[in-house]
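J.: Got a structure here, written out as structure tokens. Questions coming.
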Amino acid sequence: MILTFTKRASAERGLSEISWLKSYHSFSFGDYHDFKHMGFGALRVINDDVIAPGAGFGMHGHRDMEIVTIVLSGALAHKDNIGNGTSILPYDVQRMSAGTGIEHSEFNASQTDATRLLQIWVLPEVRGIKPSYEQKKIDVNDVQNKLCLIAARKDGAITIHQDLDLYRTQIDSGKNVPFNIRANRRVWIQVASGEAIVHGHALSEGDALAVVSDADEKAEAVVINLQSKTACDLLIFDQPV
């Protein structure tokens, strides 16, 4: 099986910065537009946001998008027009299916500390579904030095309406976690924090590595070692080519 690797360096991402928000964009978003980085398969947005204390996004709308939020530090207060009001904390995974239309607000729940989060947008398989909301707490032990499926179309994880599996792993310094890539797949590995080495590629916080396998269906899966240089936190998006 032939694998193609492409690194997306943190410093090359788009940046939006205002008084209360610093946001890095892995793909084109808002005023940041780059024809070379419009998305990766169904993965359309990875925004790395830092929100100032007490600040946030007022009520605004979305349609036909699967929106996954992962808080890395702090807490995010969420409210929407379908009856949900909650705080999203580290090790929570929140999914909002915008479908025919949903409105929500997102504010830093703290008046003293910044909140950092990753907001992920995935294009749905079908447009016009009924808006819905889901939130789940992940056991820390389930991500420590192992792959944990946190969002997928299948049972056992937060449900997203797309053929995409999202894994998270937190790897202690000097350890590695194997990931099997099958034929005809595209995989995006995002470093949320720390430093990692993936198949010889050194990655730091904010970096990503795109891995695409060829269509040789007879080939066995190839093991890619996710190796920590320092303790690191990784997200792995696995989807068909």
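The values are calculated or read from the model by the stated rules, or taken from the named source; none is laboratory data. Bear in mind the structure is a predicted one, so any value in this text is a computation, not a measurement. Virtual Cβ from ideal backbone geometry, glycine too; neighbours counted across all protein chains shown.
J.: Does region 219-241 hold any residues that are assigned to a strand (DSSP E or B) and among the hydroxyl-bearing types (Ser, Thr, Tyr), and which are they?
T.: Ser228
J.: Would you pick out the residues in region 185-200 that are of a type outside the set (Lys, Arg), at pLDDT 95 or above and more than 15 Å from the chain's Cα centre (by Cα)?
T.: Gly194, Glu195, Ala196, Ile197, Val198
J.: Inspect all residues belonging to region 153-176 and state whether any of them is of a type in the set (A, V, I, L, M), touching an Asp or Glu at 6+ places or on another chain (Cβ under 6 Å), in contact (Cβ under 8 Å) with a residue 12 or more places away in the chain and surrounded by fewer than 16 Cβ atoms within 10 Å (Cβ to Cβ).
T.: No, region 153-176 has no match at all.
J.: Here is a follow-up. Residues being under 19 Å from the mean Cα position of the chain (by Cα) and either part of a loop (DSSP other than H, G, I, E, B) or among the aromatic types (Phe, Trp, Tyr) (or both): count how many of those fall in region 26-56.
T.: Residues that pass the stated criteria total 12.
J.: Kindly indicate which of Val187, Val241 is closer than 24 Å to Asn47 by Cα and exposed (fewer than 14 other Cβ atoms within 10 Å of the Cβ).
T.: Going through Val187, Val241 in turn, the sole match is Val241.
J.: Return the total of residues in region 3-17 being more than 22 Å from Ile51 (Cβ to Cβ), hydrophobic (A, V, I, L, M, F, W, C) and in contact with a strand residue (DSSP E or B) (Cβ under 7 Å, 6 or more places away or on another chain).
T.: Matching residues across region 3-17 total 2.
J.: On to the next question. With respect to the numbered conditions (1) crowded, with 17+ Cβ neighbours inside 10 Å; (2) at pLDDT 95 or above, which one is the sole condition not fulfilled by Thr112?
T.: Every condition holds for Thr112 apart from (1).
J.: Now for a separate question. Which one is nearest to Ser213 (Cα to Cα) among residues in region 13-23 that are without any contact (Cβ under 8 Å) to a residue 24 or more places away in the chain and surrounded by 15 or more Cβ atoms within 10 Å (Cβ to Cβ)?
T.: Gly14
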